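Q: Sharing a structure with you now.
Throughout, read-outs are computed from the coordinates displayed, never taken from laboratory work. What you are looking at is a predicted structure, and each value in this text was computed from that prediction instead of being measured. Here the Cβ positions follow ideal geometry from the backbone for every residue, glycine too, while neighbour counts run over all protein chains shown.
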């Protein structure tokens, strides 16, 4: 069958559209190609040529986008749960007795750790995951 194959400026496939019998279009057997990877094919003379390096670039970029989307979601979670640390800190700032100050800070810490144990654990995991992603890709 004949297809119109549109490419980007570098010759990589953007789209493949069936054309019927229009003259001067590429005749291809699409069963020979993995079209889930069409953006990594370059148009050759009457055939598509798969570029493994280009495919690796594409998948790497997709993975990077996915990871940075996760960073955005994790940062939103941290932002939404910042009230926990703010409340604890405000309580600590309100302490006035220097003699019992250390013991009072420990009590506040225990209180908030018990009240928000799961959320605080998730916050640590979120920060660690963000750092993992930044170590992998650098800060965007």
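Q: With angles folded into 0 to 90 degrees, how steeply does helix 52-80 sit against the dominant principal axis of the chain? Use alpha carbons for both and round to 10.
A: 30
Q: Let me ask something additional. At R0 = 25 Å, how high is the FRET efficiency between residue 68 and residue 30 if r is their beta carbon distance? Nearest 0.05 is fine. Intermediate values should be presented prior to the final figure.
A: Details: r = 34 Å, r/R0 = 1.34.
Once rounded, the FRET efficiency stands at 0.15.
Q: Mind sorting out which of (i) 31, 19, 10; (ii) 53, 13, 9; (iii) 60, 13, 11 is the real semi-axes √(5λ) of the Cα gyration tensor in Å computed from the coordinates?
A: So the structure-derived entry is (iii).
Q: Suppose R0 equals 35 Å; then what is the FRET efficiency for residue 106 and residue 134 from their Cβ-Cβ distance, rounded to the nearest 0.05?
A: Numbers: r = 33 Å, r/R0 = 0.94.
For residue 106 and residue 134, the calculated efficiency is 0.60.
Q: How high is the relative contact order of the chain, given as a whole-number percent (alpha carbon pairs under 8 Å, six or more residues apart)?
A: Numbers: 116 pairs, mean separation 22.4, N = 140.
It comes to 16 percent, rounded to a whole number.
Q: Once R0 is set to 35 Å, what does the formula 1/(1 + (r/R0)^6) return for the Cβ-Cβ distance between residue 53 and residue 78, expressed as a FRET efficiency to the nearest 0.05? Please list the in-between numbers first.
A: On the way: r = 37 Å, r/R0 = 1.06.
Given R0 = 35 Å and the Cβ-Cβ separation, E is 0.40.
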